[in-house]
Each structure stands twice: as C-alpha cells, then as structure tokens.
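Have a look at the structure below before the remarks.
No lab work stands behind these numbers, since they all come straight from the coordinates. As the structure is a computational prediction, the values presented were derived from the model and not from experiment. Virtual Cβ from ideal backbone geometry, glycine too; neighbours counted across all protein chains shown.
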Amino acid sequence: MNPAHRTSSLLVLAGGLLLAFGCSSSDAPAAPDADAGPAGGPVSGVTDNHCAGTTVTVEPATCSGGPSPDGAGGASDSAPESAGGAADCTQTHDAEYGDTLFNSDGDDDDCKYHAAWSSTPVRLDQPVTFTITAMNKASGAALEPLSDGVVPLTRLDVYEPCDPNRRGPTQNLTAKITETMPGVFSAGPIKFDQPGRWVVRFHWYEQCVDGEHSPHGHIAFFVDVP
C-alpha cells in the first residue's frame, strides 16, 4: 500500500474511534426515566351528597360579621377550627369541619359552594400543582374576589389525617395561589414527603368571619400518595 494512503487510512480509523468514544454512554446525557411509576391522586369512594339538595345563600355584606338575612349574627357558633381525629383516621377526620370528601368534586362544608380539583401527577417528593374550580351553589356563578380584591381561594391546608400535626415540607405553607380565570385557581407547588393518605383542605374567603351566610368556606379531599 502506498505510504500516503496508509497514513490517510490510519487517520480516518483514529478519527472514527475518537468519535465513537466521544458518543459513549459515559458522556451522553441520561435518558429520561420512561416509567416514573404510578401517580397518586383522588381517593375513590362514596359520592358526596352531604348537602342533599340544601343550598346556603352567601351574603357578602356579612363578611365582617354583619347581620345575616335571617337575623342571625355573622359570627359562627361552632368551636374554633382545629385538627381532631377519628377512630379510622384514613376515612374521616376533623370534627370541627365537615367530612373530608372522596373523589375530586363536591360541596363545601356549609353547602355554599361546589368545587372540583385536578392536579399534576402526585408522586412522593415531587412538586404538585393543584387546579381548583369553584362556583356559588345558589347562583351558579364562578367565585370572584369581593370588594377587597382578595383572591377567593386564600389558603391550602395539607396534612396527614392520621397525624394532623404533620404537614409536610414548610414550602406547603406558602404555596402560591393565582386566579387563572374567573372561578379557576392554581395552587402550588405542594410536596408530599411521605407515602400514604393525605388531606388537602381548600379555604375560601378567609378574610371573612366564619358565619352562616358569610362568604367564608372550606372543603377538604383525600389524596393518596404512592
């Protein structure tokens, strides 16, 4: 073989080896995980019917504790809201609230609002963003800010029903809430740092007193985390 041709062939061979080495698995970006495992989410169960046709009319004027249309005071007669517990903590919880609901929609504790939720995939230690849609049961109108301009969804309460003092990472306390369109809210990120059953409670108009006709309301759902 001509020496010049031999040198050229060696150079081509060397270049090919270098190219192959440069594209080896040790240097190539890791392929995305094709199977992140099952996602959690709403817990299937009995369809909510606790209002059984009952609808409570909200009167924004009672937000600050003014008289209700039936003459009752705006302040709630119920005990202060606090974490309670039940014999089967994965099924029911918090005697100071209405029942925690199964599935992904239902009426709030006081039968003022109807809400439904969805979320990004629920997985352990992964950020989750909730999308919540809420409407006034009496009028069918989407929830909107009162005259004070505060977003109707004011807070998420996230905890494990069997240990209500365990509320996950501190970031859950400061989840960002935005109104993406009338009656539709985005909240997150939330992280679940333990597998098992959790409760997510959505609080409405917390700047108002918790009265019978006050805009103040709350609704909670079970969420399972794989």
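Quick look at the numbers
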read-out: Label zone at Ser186 (point 7 Å along Cα-to-Cβ), backbone N below 19 Å, region 142-170; value: 143-145, 151-156
read-out: Sorted by Cβ density within 10 Å, fewest first, the residues Arg123, Arg155; value: Arg155, Arg123
read-out: Anisotropy class of region 86-156 from Cα gyration tensor, a/c 1.5 cut; value: oblate
read-out: Extent along principal axes [Cα atoms of region 99-226; Å; largest to smallest]; value: 39, 27, 23
read-out: Beta bridges by DSSP in region 99-226, antiparallel share as percent, to the nearest 5; value: 95
read-out: Square roots of 5 times each gyration tensor eigenvalue, C-alpha, region 152-211, largest first, Å; value: 22, 15, 9
read-out: Part-to-part distance (alpha-carbon centres) for region 203-226 and region 95-170, which is given in Å; value: 7
